[in-house]
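The values are calculated or read from the model by the stated rules, or taken from the named source; none is laboratory data. In this text the structure is predicted, and so the values were computed from the model without any measurement. Glycine gets a Cβ as well: all are built from the backbone with ideal geometry, and neighbour counts include every protein chain shown.
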Amino acid sequence: MKLVIAFFVGLPLLAQVTHERLLNAEKEPGNWLTYSGNFAGHRFSPLQQINDTNASQLQPAWVYQSNSLQKFETTPIVVDGVMYISEAPSHVTALDTKTGRPLWKYRRPMADDIRVCCGQVNRGVAVLGDLVYVGTIDAHLVALDAKTGAVRWDTTVADYRAGLSITVAPLAVKDKIVVGIAGGEYGIRGFLDAYDAKTGKLAWRFWTVPAAGDPEAKTWAGESYKNGSAATWVTGAYDPETNLLYWGTGNPGPDWNGEVRAGDNLYSDCLLALDVDTGKLKWYFQFTPHDVHDWDATEVPVLIDAEIRGQKRKLVLFPNRNAFSYVLDRTTGQFLMGRPYAKQTWATGLDDSGRPIRVAGTSPTVAGTRVWPSVAGANNWYSPSFSPKTGLLYVAAREAGSVYFFGKADFKAGEQYNGGGFRSIPGEEEWGAIRALKPTTGEVAWEHRLFTPPYAGVLSTAGNLVFGATNEGQIFALNAATGKLLWRFQGGGLVRSNPMSYLSEGKQYVAMALGNSLYVFHVR
Amino acid sequence: MFWLATLLLFQTPPPVLDLPARNPHTTSADLADGKQLYQGRCAGCHGPEGSGGKGANLAVPVLPRAADDRSLYRIIRYGLPDTEMPGSLMDAREIWQTAAFVRSLGSVSAAPVAGDTRNGERVLRGKAGCLQCHALGNEGGRAGPSLTGIGARRGAAHLRAKIADPASEVHESFRMVQVTTRDGRTVRGTRLNEDSWSIQLRDAAGAFHSLWKEEIAKLVSERRTTMPPYRDRLNEQELTDLVAYLSAERGAQ
């Protein structure tokens, strides 16, 4: 908070968050302007005050307790000394980074009949101009005044009574706010939307499930596309050079009963590349055609430029829930590499086009079928991280399988449409690891083993650190080059969030929601 | 993403009270008890007929945040967090009885607030200049609280009194603050937060300031509002129309 600025009358007193600033997020490492830190999905902080020599001295600077017992999944956004967080179900709070004290609060009253599969959660806000944007669990997109929290506009995205909700952190690109939808367990028709940032008017909608007569409808038996789901509940990436938005899509509906929807089921479990101005599809890549295990491709795409097969190319890395880590050409969508990074038993490999070669007998059955990875996947919505310093891709990998059950699937609007279920494998040890992957080959450079499969993202920093967290409540820091544990702290509750880092009054902090509180750490 | 339910290590949702979907206490005896409870505990803010005051107008056919009985129960029991609507420690039966009476307020359809809302809007945007200081939807200033949805939060009489004479009731937590730091800088603004060791404010331009008290040489904090009185600036009709307009302002939803 720069006091001095206020005295130069005539200057723009408040530096607004422009698209220009979002594009050049690396140039202001003290801020964290967008969900993944930059448009490329790196979740990397160029800050190095906290580094491998002093990380052992990390300690809390302040803690903010959320007054909600839902999972606390937010990634804070920091703009010039002010932190913006979302809290479950759809609240927003602006915090002073110097003291941790709230500057304003937006508290949204919530209906009693919200329909969600997995908690009334929210993963964060977007900022653009002098507005803060939040998607709500009752499927609205709301713009708040960044200085007061007052509602500037409130647009209905969908009818929550039909099982649609918003949990994703929106992405501000150019003059638009891109927001996805959740509801993959409710037989919804999925889509990705872009709204005019100033007015909240719909700019475009891309349907992730076809309508009758669309060519993709042929990838769904009969009229099964009508309840095809393919939700879009994790924030994507953007490349200004291709002008494409890269966004993952979720499972086809019903989750575990594939019989009612024979075919590849486009565009479920895909990475979509959409023109950000028009929403037109440039290319798509489907990771898990005809998915029957609920392996949403709703992970964060990571954009890097690197040499592969002897040629420097624009790539997108995608460590998928289905246990394969993929490398695609992000201009064309061409498949370049794919390799398992955790135990999997459903495919013998990928063919030249990247299509899985399936193992017979891995579909869910009434008696139950054991398959690795588990229904929560080898990875999930929580973020990976790419460090341009080490050149490694960091993933919180889950080593677990599930028993998958086949069941009947009768669609009723607003009710779950699953067609089966799952449970953990009796007697099987589940575990996890932070893995550092060589991005273009998928080889494991190192791993740091964890007691249970993690469900929290990672942050890498120029201080040669990787931050992550456990189910048992600890946040920890590893040496980014070796994986050696340097620091850990018990935050007192299950962690379901992503770490980030920023400067306040010139000092570096690392923030992460642990349990139901947001912790901010520093080295004194 | 469906996988939460069966795995032990995942947190269970917050305790949902095992509440009946419909109010189980709605006899005429319940209503009579509910009325007494209401008069004692709610009428001070919501008015004896529920037409609102400092609290919202409850004499409406559908309460925006309590359309169903369970939500109404919860609001009475726990209040609305971060607003002036308090929770209450009445027992379950008393809460249901109060709820039954609150519902009855809505069935005697309260007369809409009299006045020409179109003219009210003209006054607000023109002569009165309310939007210099107040946000309304996608426009307006930041010095005062947002007027978006004000009609759902405050009753007509309260609005009228506030506009005519803002000093009559200034929000308990409202403070205008002037700070002089030890190194000689001065900042003036609305207090956003304060504790033993720090204070946060927003100046007229909208910039945030956070100061440790040890940095401060002088701190003047007053409960005086900066909102001008409109008693003499607006005539009776204009004030009536303005209140009618604000009472009909129920927000984006």
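Of the residues A:W295, A:W283, only one is over 26 Å from A:V134 (Cβ atoms), of a type in the set (A, V, I, L, M, F, W, C) and in a loop (DSSP other than H, G, I, E, B); which? Result of the check over A:W295, A:W283: A:W295.
Of A:E415, A:E472, all but one fail to be within 11 Å of another protein chain (Cβ to nearest Cβ), assigned to a loop (DSSP other than H, G, I, E, B) and surrounded by fewer than 18 Cβ atoms within 10 Å (Cβ to Cβ); the exception is A:E472. Selection of region A:421-438 for residues being crowded, with 24+ Cβ neighbours inside 10 Å and under 14 Å from A:G368 (Cβ atoms) yields only A:F422. Can you report the number of residues in region B:226-248 which are at pLDDT below 95 and buried (at least 20 other Cβ atoms within 10 Å of the Cβ)? Count: 1. Might you check whether a residue that is touching a helix residue (DSSP H, G or I) at 6+ places or on another chain (Cβ under 9 Å), charged (D, E, K, R), assigned to a loop (DSSP other than H, G, I, E, B) and farther than 30 Å from B:A205 by Cβ occurs anywhere in region B:60-75? Yes.
Criterion applied to A:D275, A:D264, A:D305 was being free of Cβ contacts under 8 Å to residues at least 24 places away in the same chain, surrounded by fewer than 24 Cβ atoms within 10 Å (Cβ to Cβ) and away from chain B (no Cβ under 14 Å), and the one residue passing it is A:D305.
Per-residue answers, yes or no, for (1) free of Cβ contacts under 8 Å to residues at least 60 places away in the same chain; (2) in a helix (DSSP H, G or I); (3) at the interface with chain A (Cβ under 10 Å from one of its Cβ atoms):
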{"site": "B:V170", "(1), (2), (3)": "yes, no, no"}
{"site": "B:D183", "(1), (2), (3)": "yes, no, yes"}
{"site": "B:N193", "(1), (2), (3)": "yes, no, yes"}
{"site": "B:R202", "(1), (2), (3)": "no, no, yes"}
{"site": "B:G206", "(1), (2), (3)": "no, no, yes"}
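All told, B:A164 meets the bar of being away from every other protein chain (no Cβ under 14 Å) and either surrounded by 15 or more Cβ atoms within 10 Å (Cβ to Cβ) or closer than 27 Å to B:N138 by Cα (or both).
Listed by position, the strands (runs of 3 or more DSSP E) enclosed by region A:91-138 that each have at least 2 residues that are of a type outside the set (S, T, Y) and out of contact with any Phe, Trp or Tyr (no Cβ under 8 Å at 6 or more places or on another chain) are A:102-106, A:131-135. Scanning region A:272-297 for residues that are within 26 Å of A:L459 (Cα to Cα) and touching a Ser or Thr at 6+ places or on another chain (Cβ under 7 Å) yields a count of 3. Of A:A162, A:A182, A:A237, all but one fail to be away from chain B (no Cβ under 14 Å), surrounded by 24 or more Cβ atoms within 10 Å (Cβ to Cβ) and in contact (Cβ under 8 Å) with a residue 60 or more places away in the chain; the exception is A:A237. Filter region B:103-117 down to the residues that are outside any loop (DSSP other than H, G, I, E, B) and modelled with pLDDT under 95 and list them by number. B:R103, B:S104, B:L105, B:G106, B:S107 - these are the residues of region B:103-117 that are outside any loop (DSSP other than H, G, I, E, B) and modelled with pLDDT under 95.
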